[in-house]
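The values are calculated or read from the model by the stated rules, or taken from the named source; none is laboratory data. None of these values were measured; they are calculated from a predicted model. Cβ sites come from the backbone with ideal geometry, for glycine too, and all protein chains shown count toward neighbours. Accessible surface is based on the protein model in full, side chains and every heavy atom, while ligands, DNA and RNA are left aside. Shrake-Rupley method; radii C 1.70, N 1.55, O 1.52, S 1.80 Å.
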Amino acid sequence: MSKRVAILFSGSGSNMVALIDSMTGDHPARPVVAVCNNADAGGLAKAEARGVPTEGIDHRPFKGDRAAFESVLNETLARHAPDIICFAGFMRIFTDTFISHWQGRMINIHPSLLPKYRGLNTHARALEAGEAEAGCTVHEVTLELDDGPILGQARVPVLPGDTPQTLAARVLEQEHILYPAVLRRFAAGDRTPIRLP
């Protein structure tokens, strides 16, 4: 029985596409819904083109009421009954209530080598700190922001002349390799961390 995967994203959905495209053949999971909080996101059409149902939940009408937004999101997810929720650039921070409800079933990709550079502007911060390498991390989602058990990391050298944009582009290439690899292992019940390269 394949695990049912919900993918949450906010923008172009490049990691969402990488995950969907990986879930074929003998993969232990299948995508059941792609959820977006931005009606104009380019990723919606990409998911639909791949035959994955989409759900849009605009967060803006819920400004100041995170619990109400999460209630609608919970109802939406419940209709699709996911076993696993993959956050693929879903730019919202959740309450403890939401995280506790789904804990153990949520994974996220973050564009730094955690525990370094939690939060935003990771590439600029890595460059400002003079790091020799950067990368990305897939981790379980827990109550602390970007702090759950690490399920995989991919490292990228920082090159002379790198800007946040050039570094981000190289890290994103590794995200598209790492996240599907971690999802396959996680869906099979294996939480052993993957290290790339």
Zone of A188's modelled label, taken as backbone nitrogen in the range 1-19 under 14 Å from a point 7 Å along Cα→Cβ:
3
Under a point-charge model restricted to the Cβ atoms of Lys and Arg (+1) and Asp and Glu (-1), what is the dipole moment magnitude of the chain relative to its Cα centre, in debye to the nearest 20?
300 debye
Sorted by accessible area (1.4 Å probe), largest first, how do D190, D162 line up?
D190, D162
Per its Cα gyration tensor (rounded if a/c is under 1.5, else prolate when a/b beats b/c, else oblate), the range 115-182 is best filed as oblate
With the alpha-carbon atoms as the only input, what is the per residue convex hull volume for the chain in Å³?
120 Å³
At a 1.4 Å probe radius, carbon and sulfur cover how many percent of the accessible area of the range 45-106?
51 percent
For the chain, dividing by residue count, accessible area per residue (probe 1.4 Å) in Å² works out to 48 Å²
The chain: angle of helix 66-80 to the longest principal axis, Cα-based, in degrees nearest 10
70 degrees
Add +1 for every Lys or Arg and -1 for every Asp or Glu among the other residues with Cβ under 12 Å from the Cβ of V32, and state the total.
+2
Can you pull the one-decimal nm distance between simple spin-label points at L145 and D40, each 7 Å off the Cα toward Cβ?
2.5 nm
Mean Cβ count within 10 Å, highest first, over the residues of peptides 4-12, 110-118
4-12, 110-118
Full extension between D96 and D65 adds, at 0.36 nm per residue less the Cα distance, a length in nm of 9.8 nm
Where in the range 74-104 is the amide nitrogen less than 20 Å from a point lying 7 Å along the Cα-to-Cβ axis of M1?
77-86, 102-104
Of A154, Y117, V182, whose Cα points farthest to the positive end of the dipole of the chain (charges on the beta-carbon: +1 Lys, Arg; -1 Asp, Glu; origin at the Cα centre)?
V182
